[in-house]
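Heads up: the structure comes next, in C-alpha cells.
The values are calculated or read from the model by the stated rules, or taken from the named source; none is laboratory data. Every value quoted in this text rests on a predicted model; they were computed, and no experiment measured them. Here the Cβ is made from the backbone with ideal geometry for all residues, glycine too, and neighbour counts use every protein chain on show. Just so you know, the surface numbers come from the protein's heavy atoms only, side chains and all, with ligands and any DNA or RNA stripped out. Shrake-Rupley method; radii C 1.70, N 1.55, O 1.52, S 1.80 Å.
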Amino acid sequence: MTTIKLHNTRTRKKEVFAPLDQDDVRMYVCGPTVYDRAHLGNARPVVVFDVLYRLLRHVYGPDHVTYVRNFTDVDDKINARAAESGRAIGEITAETTQWFLDDMAELGVLEPDHMPRATQYIPQMVAMIEDLIAKGHAYEAEGHVLFAVDSWREGYGKLSGRTVDDMIAGARVEVAPYKRNPMDFVLWKPSDEGQPGWESPWGRGRPGWHIECSAMAYELLGESFDIHGGGNDLMFPHHENEIAQSCCAHPQGDFARYWLHNEMLQVEGKKMSKSLGNFFTVRDLLDQGIPGEVIRFVFLSTHYRKPMDWTAEKAREAGRTLRKLRKIAEGSERWSDGVDRYHEPYEDVVAALCDDLNTHLAIKLLQDHADNFESSDDSSRLLVTLDLLGISSSWRDAEHLHAEHLYKEQYQIGILIGRMQEARALKDWKTADAIKAALVEAGVELKISKGGVEYDFGWDFDPAKLESLK
Ligand code: AMP
Ligand code: ZN
C-alpha cells in the first residue's frame, strides 16, 4: 500500500497516515456558511481537500473513503441577509447552497459523500449539549448554554498550542455577565420571535456555530475518525471548540486524529478585501471567461500550507500550460474513443501528492512528463494523472481553447499579423503598435522575435473582439 504522509497540526509534524480502518477512511471538512457567493479564498480549502479526497480514493479505493463537508445554514449572517433583503431564510440558503455547488463543480471539485446541513441535525446537537451538561462540561445561564473551558483545562488549546490564559489575553472574546470564564463559548442561545429557533430544554433557541460540526461528525463518522480539515483561520476558536465538545462528550473517542489546515489566499500580494477593491467571487472569474481548470491549476501550483497569491499573470501562465497538456492528452486513446482503459498515473506525481499533498511539485513533474512524452501510452498516463489532480474534468467542453476549431479566427489573425509586419517594415510604429494592442486585447498571445511572429490563443480569447478589427 502506498504510504501517505500528512502534516498534522496537532503534533506539528509530518506523520505517516495510518487510517483507523483501511476499508473506510473518514474525513470531515468544515464547509461554507450559505449566505452569499463563495469568494476566491473560500474555494481554496475546497480544492485542497478535493485533491486529498481524490488521493485517498486512489490509494484506498473509491468505495473505501467517506468524505463529509457540511453547510452551515443557521447563522446570524444569514439572518442579517434575510432581514436586509426581505427574503425568506430558506430561500437564501437554498439558492446559495446551489451556487456553491455549481461554482465548485466548475473547479473540478467532486461532491463529498455527505453534505449535511446544520438545520437537519438540531436534535443531535440538543442531545450532545444535554450530555455535556450532564457530564459537568456545560452550564445553562440566562437561556444560553455555555461550554465551561475550566472543566477541560488539560485539553483546551492543545491544537493551536496555547494555554487558556494566553487565549484570554490574545482573543477577542465576547464578554457576557453570565459567563463563568470569558473563554466559555456558546452551545445554545435564545431566539427572538423573528429569528429561527427550535424548542429545547432551555427554551426556544438556536445552536452556536461550533456544536454543529461536532454533532454531524459524530453522527456520520463516529467518535473517532481520521482527518479533519479547514482553513487555518478556523484553528482557533472553531476547531479548538469542536475538539473540546467532542472529546468531552465522547471521552473514549479521539475525535479527529489528523488535523490539516490550509493557508490563506491573497490577491496580487495583498489580503483580499472589499475595501481594497480586490475582492472577487469564483463566479466573477468564471464570468470573465477564466475556465475553472485554470483557477484550479493556479491553486495547485502553491503548496496548501503556504500562503497563495492569486495573480492575473499566474492565470495566463496556467492557461498556456494547460493548453500544452491538453494537446498531449488529446493523443490518448481515451480521448479519441472515450473508452476508459486501465492506466496508472505517473508514480512520481503520486509520490509528490503522498508527501503532504505537494501539488506544487506534482505539477512541475507533470510538466516534465509533458516535455518528454514519447507515445500514446504517455498521453494516456498524462490524462489519468490529470484526472487524479482533478484538472481534466471539463476539458471536453472547453472547445474554445482548442485551436483546431478556430480556422476562421486563425485566418483573420494571420491577416492582422501580416499588416502589423508590413507596418513595422515601413517603420510605421503607430499602426504596428495599434494592431498589436488590439490583438492582445482580443486575447491573442503574441511572441514577436527577429525570426517572425508566433501566436497562441489565451484563455480570455474573444472572437467577437477580433471581428471588430476588420
Ligand atoms: P468564511 O466565509 O470566512 O466563513 O470561510 C469559509 C471557509 O473559507 C473557511 O474554511 C475559511 O478557512 C476559508 N477561507 C476564508 N477566507 C479565505 C482565504 N482568504 N484564503 C483561504 N481560505 C479562506
Ligand atoms: Zn467545523
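Key figures for this structure:
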quantity: Efficiency of FRET from Cβ geometry, residue 275 and residue 408, R₀ 41 Å, rounded to 0.05; calculated: 0.35
quantity: Accessible area in square angstrom per residue, the chain, 1.4 angstrom probe; calculated: 46 Å²
quantity: Long-range amide H partners of residue 258 with built H, under 5 Å; calculated: 227, 228
quantity: Spherically averaged projected area in nm², based on the convex hull that wraps the Cα atoms of the chain; calculated: 26.6 nm²
quantity: Cβ-placed point charges (K, R +1; D, E -1), dipole of the chain about Cα centre in debye, nearest 20; calculated: 1500 debye
quantity: Nonlocal amide H pairs with residue 267, under 5 Å, H built at 1.01 Å; calculated: 272, 310
quantity: Lysines whose Cα lies under 21 Å from that of residue 447, excluding same-chain neighbours fewer than 8 positions away; calculated: 314, 324, 327, 408, 427, 430, 436, 465
quantity: Lys/Arg +1, Asp/Glu -1 at C-beta; the stretch 5-265 dipole; positive extreme among 176, 265, 42; calculated: 265
quantity: List 189, 436, ordered by accessible area with a 1.4 Å probe, largest first; calculated: 436, 189
quantity: In nm, spacing of pseudo-spin labels at residue 450 and residue 437 (7 Å Cα→C-beta vector); calculated: 2.9 nm
quantity: At R0 = 41 Å, FRET efficiency that the Cβ-Cβ distance of residue 193 and residue 22 yields, to 0.05; calculated: 0.20
quantity: Cβ crowding within 10 Å averaged over residues, with 244-251, 34-41, 309-316 ranked highest first; calculated: 244-251, 34-41, 309-316
quantity: Accessible area of the chain belonging to carbon and sulfur atoms, whole % at 1.4 Å probe; calculated: 49 percent
quantity: DSSP-loop trypsin sites (Lys or Arg not before Pro) across the stretch 136-191, with at most 16 other Cβ within 10 angstrom; calculated: 153, 158, 172, 180
quantity: Set of the stretch 204-219 residues, backbone N closer than 17 Å to the point 7 Å along the Cα-Cβ line of residue 83; calculated: 205-207
quantity: Between the stretch 280-328 and the stretch 75-141, the alpha-carbon center distance in angstrom; calculated: 30 Å
quantity: Relative contact order, percent, the chain [alpha-carbon distance under 8 Å, six or more residues apart]; calculated: 16 percent
